[in-house]
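Everything on this sheet refers to the single structure shown next.
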Amino acid sequence: MEKQLENKTILIAGAGGLLGTRLVPAVLAQGGKVIAADINIEAMTERLASLGVDIENKNLTLTTLDVTNEESVSQLFSNYTSIDGAVNSTYPRNKTYGSHFFDVSLESFNENLSLHLGSAFLFTQQCASYFKKHETALSLVNISSIYGVVAPKFEIYDKTPMTMPVEYAAIKSAIQHLNKYTVAYVNDSRFRINCVSPGGIFDHQPEAFLEAYKTKTHGAGMLDVKEVVGSVLFLLSEQSRYVTGQNIIVDDGFSL
């Protein structure tokens, strides 16, 4: 069977994270070359190795990237001349991120918007700039969320210390429109940007939350992170050549 990403080079930002670490081996398995970038190269290397990724693979390059730093991002793109696709799975946030609505200060709200949405803008802008310079087809996948599509179901957080951060909802909805703006501005079918919006991803949340969340789905409950990978691979591949400015929701019906 033909591999979807044969001879393609894919840049994965946040390759040491929950989703990024699963995307690296998935892209390699589809015949792609991977530039795995993360702010902490040692932690990324360790996590990938612990998941069975061959760090010595000739198709894998490990590099440092601070997605919130303009020089770091532009330098990364200037180091390569054949990037065919990119995924931004980074998730920068400050120390007070995750506070309940009335406890969020304006300063903290603004800082989180700057870190996450600002870096999403920067990475998207630099992908567009890279495309204009090299004029070879490039597909960017940004990661949004069901909470960039629908209002939170706050009742599932009852009996837990958790909440659905207001910054997250603002950022993830904005990323979807940032995609549309950028592809409309560049206006070239060879340059595509799309979103994947996962439902809740299992990361050892409290049992009360997991049970409440499951009642809002069609039975799957929280997703394993690997369930999101297929949609990203599709958007990076030629199978989705004219899909652009779109958002694929992977949530087992949670947002219906």
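Annotations
- The range 1-20, subset more than 15 Å from THR81 (Cα to Cα) and among the charged types (D, E, K, R), residue surrounded by the fewest Cβ atoms within 10 Å (Cβ to Cβ): GLU2
- Yes/no for THR63 being touching a Leu at 6+ places or on another chain (Cβ under 8 Å), under 26 Å from HIS116 (Cβ atoms) and assigned to a loop (DSSP other than H, G, I, E, B): no
- Filter result for the condition that a residue is in a strand (DSSP E or B), within 16 Å of VAL225 (Cβ to Cβ) and either touching an Asp or Glu at 6+ places or on another chain (Cβ under 6 Å) or modelled with pLDDT of 95 or more (or both), over ILE35, ILE12: ILE12
- Of all the residues in the range 93-109, those that are in a helix (DSSP H, G or I) and either surrounded by 15 or more Cβ atoms within 10 Å (Cβ to Cβ) or aliphatic (A, V, I, L, M) (or both) number 3.
- Top-ranked residue of the range 44-56 - restricted to ones that are exposed (fewer than 14 other Cβ atoms within 10 Å of the Cβ) and assigned to a loop (DSSP other than H, G, I, E, B), ranked as nearest to the chain's Cα centre (by Cα): LEU51
- Per the listing LEU117, LEU140, LEU113, the residue uniquely assigned to a helix (DSSP H, G or I), touching a helix residue (DSSP H, G or I) at 6+ places or on another chain (Cβ under 6 Å) and over 28 Å from LEU210 (Cβ atoms) is LEU117.
- The residue of the range 130-160 that is surrounded by the fewest Cβ atoms within 10 Å (Cβ to Cβ), among those that are within 19 Å of ASN88 (Cα to Cα) and among the aliphatic types (A, V, I, L, M), is ALA137.
- Some residue of the range 220-230 being of a type outside the set (Asp, Glu), closer than 17 Å to VAL150 by Cα and under 15 Å from the mean Cα position of the chain (by Cα): no
The values are calculated or read from the model by the stated rules, or taken from the named source; none is laboratory data. Since the structure is predicted, the reported quantities are computational estimates derived from the model, not experimental observations. Cβ coordinates were reconstructed from backbone atoms using ideal geometry, including for glycine residues, and neighbour counts include every protein chain displayed.
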